[in-house]
Amino acid sequence: MSSLLITGGAGFIGANFVHYWRRSHPDDSMVVLDALTYAGNPENLAGLEGQEGFRLVKGDIRGFDLVVSLMRDHDIDTIVHFAAESHVDRSIHGPDEFIDTNVVGTHQLLKAAKEMWLSGSGRPHRFHHVSTDEVYGSLAPDDPAFTEDTPYAPNSPYAASKAASDHLVRAYHHTYGLETTISNCSNNYGPYQFPEKLIPLMLINILNNKPLPVYGKGLNIRDWIHVEDHCRGLELVLEKGAVGEVYNLGGNSEKRNIEVVKTICSSMDDLFARDKDLAKRCPDAPPAQGEPSETLIAFVSDRAGHDFRYAINSLKSSRQLGFLPEINFEEGLAATIAWYLDNESWWRRVMDGSYRDWLSIQYGSLD
Ligand code: NAD
Ligand code: DAU
């Protein structure tokens, strides 16, 4: 039996991980520490609050004393660290919060873990840092995929802040002996993803008859992984990963952005053709009016410093941990679209407020 502190557990991947872990390790206890920023939502943890062995604490990872007291009160032996500012575009417009949360926040957590786990006689523990493939920089079309030995070359303030936090985790292992692991994962998609990221943004814009803003020519490539496969990979790292090691987790599913957007469009058109009730529920969507969703595609100015391609080589994780993504992109995307269609009230609520302000700065001309 373990006692986990899960930072950022009310966000997209964190919440999926909490549900996954509850199903696969029902006897473990979990404390979620989350600042509930625009990206964190207690609704993502619906059904868990009030259950024995689960607690959601609204708080900041930069609060050293808070983290120490949570670790002490709940006898924490494992930290799974998701909390971060995670959106590249926001980091370009306002990098400060990314340094504060991702770098300073990770450092405060490491300090608290060192204080609690390494002073005195010490005890078995694990500090796992959930990181990203963006730390490795950008690939040309024919470059080999990122391995764990690819030199770091982060290009956006977000990527640089995650690279810095990876280095801090590494240093706390090397210098103090903190029992750490790091995983660097590719682009996730699935339920609960905040609709500022490519996939949920596009499908919700179709429902609302809004332009689908494709940066540049849409030729950039990402390696997509369903969030459930990421959670399975994290479980394997926690259970079988060697202390001090880094593991890449990828989806084996490289796609150009325009291909992803066009697939979402045709999937939506098919769904509307099959289910006539959808047109009644979402009368603004182009397919409700007999128009293809693709008519909404709008090529807009490129993201500053836009990384061309990410691709993950997960060979180390598959050989040493038995990791293999199980959900193919087409099936995962169909399930994700179905989830957003079934959870309209969720995405309408999270899109209120700060998200709308942000959108009007970013896409003022398109709104
Ligand atoms: P997200 O933005 O959906 O969620 C982040 C969560 O962290 C939110 O719940 C937010 O409230 C919380 N948070 C932010 N600042 C905090 C603070 N100071 N203290 C406590 N909580 C705070 O992000 P996500 O997409 O779920 O990503 C989770 C982690 O996985 C991040 O570390 C990200 O870098 C990493 N990652 C994401 C992807 C991806 O495709 N989304 C891929 C690889 C790695
Ligand atoms: O690779 C892992 C990373 O994936 C994570 O570390 C980040 O937290 C996560 O946000 C994601 O970063 P990206 O920048 O790749 O994801 P995003 O969904 O923002 O964009 C995916 C691609 O789509 C990227 O090439 C930019 C493009 N894009 C994005 C948006 C939001 C568009 O063309 N139009 C858009 O409106």
Please go through the range 104-139 and pick out each residue that is more than 15 Å from ligand 2 (Cβ to nearest atom), hydrophobic (A, V, I, L, M, F, W, C) and open to solvent by 10 Å² or more (accessible area, probe 1.4 Å).
-> 104, 116, 118
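Okay, residues lined up against (1) surrounded by fewer than 20 Cβ atoms within 10 Å (Cβ to Cβ); (2) near ligand 1 (Cβ under 10 Å from one of its atoms):
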{"residue": "163", "(1), (2)": "no, no"}
{"residue": "175", "(1), (2)": "yes, no"}
{"residue": "181", "(1), (2)": "no, no"}
{"residue": "187", "(1), (2)": "no, yes"}
{"residue": "190", "(1), (2)": "no, yes"}
Answer yes or no as to whether residue 16 is within 16 Å of ligand 2 (Cβ to nearest atom) and of a type outside the set (Ser, Thr, Tyr).
-> yes
Conditions (1) open to solvent by 10 Å² or more (accessible area, probe 1.4 Å); (2) within 21 Å of the chain's Cα centre (by Cα); (3) hydrophobic (A, V, I, L, M, F, W, C): number failed by residue 271 | (2)
Can you name the number of the only condition in (1) at negative phi; (2) assigned to a loop (DSSP other than H, G, I, E, B); (3) out of contact with any Lys or Arg (no Cβ under 8 Å at 6 or more places or on another chain); (4) open to solvent by 30 Å² or more (accessible area, probe 1.4 Å) that residue 305 fails?
-> (1)
Restricting the search to the range 147-161, which residues are of a type in the set (Ser, Thr, Tyr), within 15 Å of ligand 1 (Cβ to nearest atom) and outside any helix (DSSP H, G or I)?
-> 152, 156
Starting from the range 40-58, take each residue that is under 12 Å from residue 29 (Cα atoms) and list its partners that are open to solvent by 70 Å² or more (accessible area, probe 1.4 Å) and in a loop (DSSP other than H, G, I, E, B), counting only C-beta distances under 9 angstrom and pairs at least six apart or across chains.
-> 53/26; 53/27; 55/49; 56/49
Would it be correct to say that residue 61 is modelled with pLDDT of 95 or more and either of a type in the set (Ser, Thr, Tyr) or away from ligand 1 (no atom under 15 Å from the Cβ) (or both)?
-> no
Might you let me know whether the range 93-101 holds any residue that is within 15 Å of ligand 1 (Cβ to nearest atom), surrounded by fewer than 16 Cβ atoms within 10 Å (Cβ to Cβ) and without any contact (Cβ under 8 Å) to a residue 12 or more places away in the chain?
-> yes
Out of all the residues in the range 171-195, which are of a type in the set (Gly, Ala, Ser) and not in a strand (DSSP E or B)?
-> 171, 177, 186, 190
Every pair of residues 6+ apart whose Cβ atoms lie under 7 Å, when the first sits in the range 129-146 and is in contact (Cβ under 8 Å) with a residue 40 or more places away in the chain and within 16 Å of ligand 1 (Cβ to nearest atom) while the second is open to solvent by 30 Å² or more (accessible area, probe 1.4 Å) and among the polar types (S, T, N, Q) | 136/150; 137/155; 138/155; 145/313; 146/313
When the range 25-39 is checked residue by residue, the ones that are surrounded by 24 or more Cβ atoms within 10 Å (Cβ to Cβ) and part of a loop (DSSP other than H, G, I, E, B) are 39
So, in the range 284-296, of the ones that are under 31 Å from the mean Cα position of the chain (by Cα) and surrounded by fewer than 18 Cβ atoms within 10 Å (Cβ to Cβ), which residue ends up nearest to ligand 2 (Cβ to nearest atom)?
-> 294
When residues of the range 40-92 are filtered for being in a strand (DSSP E or B) and closer than 23 Å to residue 168 by Cα, how many remain?
-> 4
Go through (1) more than 12 Å from ligand 1 (Cβ to nearest atom); (2) under 22 Å from residue 131 (Cβ atoms); (3) open to solvent by 30 Å² or more (accessible area, probe 1.4 Å) and name the single condition residue 71 misses.
-> (3)
If you take the residues in the range 320-351 that are under 15 Å from residue 234 (Cα atoms) and assigned to a helix (DSSP H, G or I), which one is most open to solvent (accessible area, probe 1.4 Å)?
-> 320
Tally of residues being over 26 Å from residue 178 (Cα atoms) and either more than 21 Å from the chain's Cα centre (by Cα) or within 16 Å of ligand 2 (Cβ to nearest atom) (or both) across the range 48-93 = 11
In the range 202-224, which residues are within 16 Å of ligand 1 (Cβ to nearest atom), within 28 Å of residue 42 (Cα to Cα) and either among the charged types (D, E, K, R) or open to solvent by 10 Å² or more (accessible area, probe 1.4 Å) (or both)?
-> 224
Every listed condition ((1) touching a residue at least 40 places away in the same chain (Cβ under 8 Å); (2) on the phi > 0 side of the Ramachandran plot) holds for residue 120 save (1)
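The values are calculated or read from the model by the stated rules, or taken from the named source; none is laboratory data. None of these values were measured; they are calculated from a predicted model. For neighbour counting, all protein chains shown are included, and Cβ atoms are generated from backbone atoms with ideal geometry for every residue, glycine included. The area values use the complete protein model at the heavy-atom level, side chains included, leaving out ligands, DNA and RNA. Shrake-Rupley method; radii C 1.70, N 1.55, O 1.52, S 1.80 Å.
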